[in-house]
Amino acid sequence: MNPAYWVAVALAGVGLLTMVVLALSLGARLRRLARDAGSLRTGIAAATGPIIAAVQATRSRPGTPNR
């Protein structure tokens, strides 16, 4: 076969391997971001929980405008 064919096959193989490596690293990065977002979401919920409870308690009092 023509040497240009083998060069094209080698370049295609290198391209496919590069895409696989990039996809794996992106997947790991996205998994890490999702884990960090989950812990951040938990922290925000813990910080805003008392505020939400106070607002709901205020709304449940009779005669208080529901804003």
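Before moving on, here are some points about what is shown:
- Rg ratio (alpha-carbon, reference 2.2 N^0.38 Å) - the chain: 2.54
- Under the Karplus curve 6.51 cos²θ - 1.76 cosθ + 1.60, θ = phi - 60°, whole-Hz ³J(HN,Hα) for region 24-29, x wherever Gly or Pro sits: 5, 5, 5, x, 5, 5
- Stretchable slack from D36 to Q56, in nm (0.36 nm times residue separation minus alpha-carbon distance): 4.3 nm
Each value in this text was obtained by applying a stated rule to the coordinates, not by laboratory testing. Here the structure is a predicted model, which is why all the values come from computation and not from measurement.
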